[in-house]
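Read-outs: derived from the displayed coordinates by stated rules, not from any lab. For clarity, every value in this text was computed on a predicted model and none was experimentally measured. Don't worry about glycine lacking a Cβ; one is built from the backbone with ideal geometry, like all the others, and counts go over all protein chains shown.
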Amino acid sequence: MPMQRRLFLASLFGAAARAASVKIERVELIQVVVRMKPGVVYSPDFGPTLDQRLVVFDTYPKFLIKLYADNGMVGLGETAREVSAAAAQRNADFIKGKRMEELDNNLPEPSTADGFEIAMFDLMGKSSGLPVCALLGGRLQSKVAVSYWTAQRTFDDLVKVGETAVAKGFRNLKFKARLGDPIEKQMAAVTKASPNLNFIVDFNSSYPDLASFLPVAKRLEGYNLTIEDPFPKRLDWFRQLRQRTTIPLALTPTGPEQLFEAIKTDAVDIFNLGGNMREFVRQASVAEMAGIPCWHGSGVELGIRDMSFIHAAAATRSCTIGSDTLSYLRQHSLITPPFEPVNGYLEVPTKPGLGVELDEDAVKRFRV
């Protein structure tokens, strides 16, 4: 082995050892509520099929996590929404006083474990001088494709959203539709106004079965779109729909088992993957071996969580479809430097850890 390579590996292992020995002395939990920017989610006059969850999802609090270590570093994390304070506090109490080498992903409260995983990886990265994507297996992408996003829209509003996406340099627009929505007319209107956009239409499993959705799919052929989760996640229905239409079909698998089965049965063209960072990288690697691209899903997060998605996607080769990294649609992402996608991509930070910090003034403003 060349001397330069040996020195690099020795330095890497030494940095990893130093990070593993770091002790977490204190944990701070900060509850925040950051609403979406006005008008970016849905059309208020959409009609009776409007999913009422869209009206309230951004009112639920999240927890920001700060892990204070004995080396002076602070690891930052962010939970999903709709988690309890008790679940966050129990994990905080569990890891306080422990060294990083004593911790794994088996925290006592699964609902907030992924938020603490983000904070631990940020702390390990800062302590070792490595970006999080390096800790997840290495930077395989220097920039990650992201989508513009909206939910249920009237014809006029969807056209305006499409025009906004194009003006901001996006190549992909994802929007929501449900059983009863005039999806064919929506696609006709937005495609006419923005013919160079790619579209992902997420039906959130709102159609009851294959028979009810197949005529809709046939009428959508010819548009530049991907269909996501049109009906309940029965893979036999997905396989039959894929065989009977030319439109790419995306699945949000319920877990690794369904991911494997979808590959085995040739049921999908694309995956929408989530989970914690390590789970995402593992599943995306399986998708890569099967030759199936993916994107990183989200619950419309804030900046810390979004940046963890970017690092996880950067550690894969298969995450090439525009991911749901959407904190720029919130009133504030709560991070600095703030990030805005450029031409439909986000640059992957090269600084240690996540590569971002909290905007403390903004955190004070949105703290509950």
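Observations, loosely collected:
- Estimated vicinal HN-Hα couplings, Hz - region 194-206 in sequence order (Karplus 6.51, -1.76, 1.60; Gly, Pro = x): 9, x, 9, 7, 8, 10, 10, 10, 9, 8, 6, 6, 7
- DSSP bridge pairs, the chain: antiparallel proportion in percent, nearest 5: 50 percent
- Computed from the C-beta positions of residue 45 and residue 86 and an R0 of 56 Å, the FRET efficiency is 0.90 to the nearest 0.05.
- A straight chain from residue 266 to residue 347 at 0.36 nm per residue would run longer than the Cα-Cα distance by 25.9 nm.
- The simple Förster model, with R0 at 56 Å and r as the Cβ-Cβ distance, assigns residue 104 and residue 212 a FRET efficiency of 0.80.
- Between 236, 114, 45, the residue with the greatest mean-square fluctuation in the GNM of the chain (Cα pairs under 10 Å linked by springs) is 45.
- Structure note, pairs 168/233; 174/218; 176/364: Cα-Cα distances above 28 angstrom occur for 168/233; 176/364.
- Each Lys and Arg Cβ is given +1 and each Asp and Glu Cβ -1; about its Cα centre, region 290-368 then shows a dipole of about 140 debye.
- Checking the Cα-Cα distances for 37/185; 126/264; 62/192 against a 29 Å cut-off, the pairs over it are 126/264; 62/192.
- Region 3-130, dipole about Cα centre (Lys/Arg Cβ +1, Asp/Glu Cβ -1), debye to the nearest 20: 500 debye
- Dipole check for region 143-358: with +1 at the C-beta of Lys and Arg, -1 at the C-beta of Asp and Glu, and the Cα centre as origin, the magnitude is about 220 Debye.
- Mean-square fluctuations from a GNM of the chain, with a 10 angstrom spring cutoff on Cα atoms, peak among 25, 257, 340 at 257.
- Of the trypsin sites (Lys or Arg not before Pro) in region 142-234, the ones in a loop by DSSP (not H, G, I, E or B) with at most 13 other beta carbons within 10 Å are 234.
- From its DSSP helices (H runs of at least four residues, each -39,500 (n - 2.57)), the chain gives a residue-normalised ellipticity at 222 nm of -12000 deg cm²/dmol.
- Each residue of region 140-156 was assigned a 3J(HN,Hα) from its phi angle through the Karplus expression (A = 6.51, B = -1.76, C = 1.60, θ = phi - 60°), giving 9, 9, 8, 9, 10, 5, 9, 9, 7, 8, 7, 10, 7, 9, 5, 4, 4 Hz with x at Gly and Pro.
- Amide H partners (placed H, <5 Å) of residue 80, local residues excluded: 115
- Environment charge of residue 35, counting only residues whose C-beta is closer than 10 Å and scoring Lys/Arg +1, Asp/Glu -1: +1
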